[in-house]
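To keep things clear, I will list the structure first and then write my remarks on it.
The values are calculated or read from the model by the stated rules, or taken from the named source; none is laboratory data. The model shown is predicted, which means the values in this text are computed figures rather than measured ones. Cβ coordinates were reconstructed from backbone atoms using ideal geometry, including for glycine residues, and neighbour counts include every protein chain displayed.
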Amino acid sequence: MRPSLTPIEPLSQVVFVHDYFQLFFDDEVFSVYNPVVLVLQGEKLHQPSPGFCDALVALIGQRAEAMPTEPDCLLALSFARGAKLLVLEAASASGGAEAFSFKTSTGPLVVKHNA
C-alpha cells in the first residue's frame with residue numbers, strides 16, 4: 001500500500017530556505033528540492049521567477065490534494081481554488097539526491113529520489 005501524499009489540513013505556512021522550500025500543513029510537511037512550476041489561472045510561474053514566492057504564500061489557508069502526474073513531473077498538488085504546484089524532474093547535473101519529501105505526524109516519511 002502506497003502512503004497518501006495528500007495533506008489532511010490546509011496549507012498553514014511556507015518556509016523558504018536557501019535552495020529549497022517547505023510547505024506546512026499543520027503537522028505535515030512537504031520539503032521540495034527540485035525545480036517547481038506554479039500554475040495559476042493558466043499562467044505558469046517558474047521558481048524563482050518574480051511573483052513565485054508571493055503566489056505560493058497566497059495559497060495559505062487552502063487545502064491541497066495530490067494528483068496524477070504528467071511526464072517530467074514527479075508530484076502534482078492541486079489546491080482548492082484551482083492552483084497547481086508541479087514538482088519537476090531535475091536536470092541530472094543540477095539535481096540533488098532527493099526531489100521532495102513528505103513528513104506526516106502519523107505515517108512514514110516519504111522520500112522521492114531523483115533518478
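Would region 79-99 turn up any residue that is within 12 Å of the chain's Cα centre (by Cα), modelled with pLDDT under 95 and over 23 Å from residue 19 (Cβ atoms)? The answer is no; no qualifying residue exists. Tell me whether region 16-28 contains one or more residues that are out of contact with any Gly (no Cβ under 8 Å at 6 or more places or on another chain), without any contact (Cβ under 8 Å) to a residue 12 or more places away in the chain and polar (S, T, N, Q). Scanning region 16-28, I find at least one residue that is out of contact with any Gly (no Cβ under 8 Å at 6 or more places or on another chain), without any contact (Cβ under 8 Å) to a residue 12 or more places away in the chain and polar (S, T, N, Q), so the answer is yes.
Conditions (1) buried (at least 19 other Cβ atoms within 10 Å of the Cβ); (2) at negative phi; (3) modelled with pLDDT under 95, marked per residue:
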{"site": "4", "(1), (2), (3)": "no, yes, yes"}
{"site": "9", "(1), (2), (3)": "no, yes, no"}
{"site": "16", "(1), (2), (3)": "no, yes, no"}
{"site": "25", "(1), (2), (3)": "yes, yes, no"}
{"site": "45", "(1), (2), (3)": "yes, yes, no"}
{"site": "49", "(1), (2), (3)": "no, yes, yes"}
{"site": "56", "(1), (2), (3)": "yes, yes, no"}
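The numbered conditions (1) over 22 Å from residue 4 (Cα atoms); (2) surrounded by 12 or more Cβ atoms within 10 Å (Cβ to Cβ); (3) in contact (Cβ under 8 Å) with a residue 12 or more places away in the chain are all true for residue 41 except (2). Checked against the criterion of being in contact with a Leu (Cβ under 7 Å, 6 or more places away or on another chain), part of a strand (DSSP E or B), among the aromatic types (Phe, Trp, Tyr) and closer than 27 Å to residue 115 by Cβ, region 50-57 has no qualifying residue.
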